[in-house]
């Protein structure tokens, strides 16, 4: 196991290649999310806050170089290491990628020693800046640790002139709604849930979100097929419940969701659901908020 667990985001439109690389990173003890295109990677990165991004260069919706240029425009990713992965093993593609803003370039097929060396090279970046109070506050959401039932949220809103909730109340109500979703659709309940807003994104994190049946499934089959089956199962459940979840988000925030992204780590059990909202929500002023 590594001395430091990294948050690794894999971006590749080749699903087999992306999943294989993500599985390898998980097996090496890191926390991983995989997305299959550059267009969705920005939203996922803003929610996941990765320490390392492994990005394919040739993607149809947004190529890797265009994605990295966009990432460099965002202040939250100055400490994130950006590594290109390409099947074009020539100096021209490497030079082009480095000029676009990548920190390193790996050529497919990537050797295990290269992957390990890449992970090890990120560790110095994590200290001490990554553990500053501001950075830690961004990755955790203190106000969302409590649950606020929807009925109680309605009552609070009805008593206010603004008819809106504080950010902490919105976070707590979203967590309560997701706990109810788990009980109705998964048959179990988890309160280890965090929700937070990043401009027009709503990010819901569930720690240790694997059911006992899913844990057995992951062990009973090969790592690749187990991982795929669990992800497909969770995605199908979310799609079935999507109208309910979107309605819950709209009622709490007053803003309609436009898209939903889901991923789950079959090693750490962390599940992440990201809603892109039509606009950043407005919150009631909370004089106690810092």
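Brief remarks follow.
- Verdict on residue 187 being within 19 Å of residue 240 (Cα to Cα) and surrounded by 20 or more Cβ atoms within 10 Å (Cβ to Cβ): no
- Scanning the stretch 66-85 for residues that are farther than 19 Å from residue 261 by Cβ, surrounded by fewer than 20 Cβ atoms within 10 Å (Cβ to Cβ) and without any contact (Cβ under 8 Å) to a residue 40 or more places away in the chain turns up 66, 69, 72, 73, 75, 78.
- Residue list for the stretch 1-29, restricted to those being crowded, with 24+ Cβ neighbours inside 10 Å and touching a helix residue (DSSP H, G or I) at 6+ places or on another chain (Cβ under 7 Å): 8, 9, 10, 11, 12
- Residues of the stretch 215-230 that turn out to be modelled with pLDDT of 70 or more and surrounded by fewer than 19 Cβ atoms within 10 Å (Cβ to Cβ), as a count: 6
- Residue 164 vs. criteria outside the structural domain of residue 46 (by TED's automatic domain parsing), modelled with pLDDT of 85 or more and within 19 Å of the chain's Cα centre (by Cα): no
- Checking 255, 273, 203 one by one, the residue that is over 18 Å from the mean Cα position of the chain (by Cα), modelled with pLDDT of 85 or more and either farther than 21 Å from residue 48 by Cβ or not assigned by TED's automatic domain parsing to the domain that holds residue 29 (or both) is 255 and no other.
- Output for the stretch 37-48, where each listed residue is crowded, with 19+ Cβ neighbours inside 10 Å and within 13 Å of residue 263 (Cα to Cα): 41, 43, 44, 45, 47, 48
- Note on the stretch 1-76: no enclosed helices (runs of 4 or more DSSP H) hold 3 or more residues that are modelled with pLDDT of 85 or more, assigned by TED's automatic domain parsing to the domain that holds residue 104 and within 17 Å of residue 87 (Cα to Cα).
- Residue list for the stretch 77-116, filter: part of a strand (DSSP E or B), in contact with a helix residue (DSSP H, G or I) (Cβ under 7 Å, 6 or more places away or on another chain) and under 15 Å from residue 17 (Cα atoms): 84, 86, 106
The values are calculated or read from the model by the stated rules, or taken from the named source; none is laboratory data. If you're wondering where the values come from, they're calculated on a predicted model, not measured in any experiment. Glycine also receives a Cβ, built like all others from the backbone with ideal geometry; neighbour counts cover every protein chain displayed.
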